[in-house]
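What follows is a set of notes on a single structure, which appears directly below.
Every read-out reported here was derived from the displayed coordinates using simple, explicitly stated rules and does not represent laboratory data. Note that the structure is a prediction, hence the values are computed from the model and not measured. Using ideal geometry, Cβ is built from the backbone for each residue, glycine included, and neighbour counts are taken over all protein chains shown.
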Amino acid sequence: MDGQDDWSDIPQVEDVTAADAVAEVQRLATLNAAAYESERKHAAARLGWRASVLDAEVSKARPRDMGDGDNDRPETIEKVEPWPDPVDGASLAEEIRDRLHAHVIFAGSGDADAATLWILGSYLMDTWRLWPRLLITSPTKQCGKSTLLEVIDAMAHRGFIVSNASPAAIFRAIEAWRPTLLLDEADTWMKQNEELAGVLNSGHTRRTARVIRVQEVNGEHLPTAFSTWCPMVIAGIGDQRDTLMSRSIVIGLRRKLPNEAVQRLPFDLHAQLLRIRRQAARWSADHSLTLGAMEIEPPASGDDRMQDNFTALWRIAEVLGDVWPERIAAAYAAQAMAKDDDAEPAGIMMLRDIAEIFASHSTDRIATSEIVGDLITMEERPWADWRHGRPLSAQSVAKLMKPFGIKAKVLKLRGASARVYLRSEVEAAAARYTVQKCNPVTLQQKQEVRAISKRNPAEKVTPARSDNPLIKNEGYGVTPENAETFGCETQDDRFNPDNWK
């Protein structure tokens, strides 16, 4: 019949044992897509199975890195052999940093430093409890975002760049390939996608990095968990969702001036930087146990999420030694200072502003009308044209303050009844919900950067070999089970956490 398979020429084999069926499935699982398609019909008939059942069993039996069985596809993820000799991490980091600076103009002095440590950290995902996104932003186009993505892709662990993808494609790619995922043009396809936002946000911490979808298995619809745990770089114009930005190290780019020079990307950039990838794999292998045992973290900045985001980079810098602890401390302080009030939710912004109004008065209550008037006169605030070009009203203030448990009360004020807000309520809520700005000098003084290079003597980086072996290196770095294979130190007084207090 048209549209249906003709099974008349396929010999049936009866009494196939369970062992025979398993062996046949395993054999079929080793075939590429073309070879499997040629044998699929006959194999299903021999086993007495429906073809859809055979497809499902073969898919489950395939090695993860084979994907759909076509191992020659261009998107197959690279497997890098670690460098054969110990690597001087500080020198390697300097080389990564120089390469980043060579091709783009960064908006902040510490942006390239944070990106460098993030690249090294992408090889250590089996070590981290929490890993931030790297968010690349620019005020307009032609600032080098796509260029920077290519450079990072050439140095990060198992890099994979895409310019558009569905939420399902993203979490399935993470589950199948364990890549460093680099997402370009985020401003055009990502910001308004609610489902995608949930997928991206879930991957911030290892414990929560999963989504559940229903999948058909052997004719049954079963809940299936997919991992969302992978290093991820996101590039786009302007800001992204607040929830994504709070989970990210934010890197700014700017368009170059006529007197600023950047190098064009070489055609074979990825091949040129194979040595860096191999050396990064070796350095991370040698230090994963040390980093996993560390407990130090950046000083409090008033933003717990930012402190969490920088913790892994802070530890990498400590192990690298040399100038890297000072650099990441400066980058952390700069990012703490750069948090823009306009990026805050409107309620938080208003709460902060009303607290400042109270700070300028020596009274325990202020009339609603006076607070509204003071808010409207604040420069660089949205209150003067809050309602489609019109100033905000008392009702707007009440609506924004209600979630914080702050309500206007009718009380005596200067001998007459008035609707007022109380200092005690405003200050209590502000202490709980608003972030205090940090002075970058004070921030660095709160925890002096330790020069651990004396405890971490540099070892000379060996020259790159001329060959290009790419052997199996799945997952995200080195775990205690395979540490010995890579020559990791399992116990060393130089890295005793007690010495870092």
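Cβ-to-Cβ counts within 10 Å put VAL199, VAL410 in ascending order as VAL410, VAL199, the fewest first. The chymotrypsin sites (Phe, Trp or Tyr not before Pro) of segment 223-328 meeting both criteria, a DSSP state outside H, G, I, E and B (loop) and at most 15 other C-beta atoms within 10 angstrom of the site's C-beta, are PHE267. Between ALA271 and ALA107, the modelled labels are 3.6 nm apart [label points 7 Å from Cα along Cα→Cβ]. As a calculated quantity, the FRET efficiency between ARG129 and SER369 at R0 = 41 Å, using C-beta atoms, amounts to about 0.25. Here the simple spin-label model places points 7 Å from the Cα toward Cβ, and for GLU297 and HIS221 these points are separated by 4.2 nm. Going by neighbour counts of Cβ atoms within 10 Å, the residues ILE296, ILE96, ILE276 line up, fewest first, as ILE296, ILE276, ILE96. If R0 is 51 Å, the Cβ-Cβ spacing of GLN142 and ALA19 corresponds to a FRET efficiency of close to 0.25.
Once Rg and the Kirkwood radius are both taken over the C-alpha atoms of segment 89-339, their ratio Rg/Rh works out to 0.96. Extension gain, LYS399 to LYS191: 0.36 nm times the residue separation minus the Cα-Cα distance gives 72.3 nm.
Extension gain for ASP304 to ARG254 (0.36 nm times residue separation, less C-alpha to C-alpha distance): 15.2 nm.
The ranking of VAL104, VAL319, VAL22 from fewest to most other beta carbons within 10 Å of each one's beta carbon is VAL22, VAL319, VAL104.
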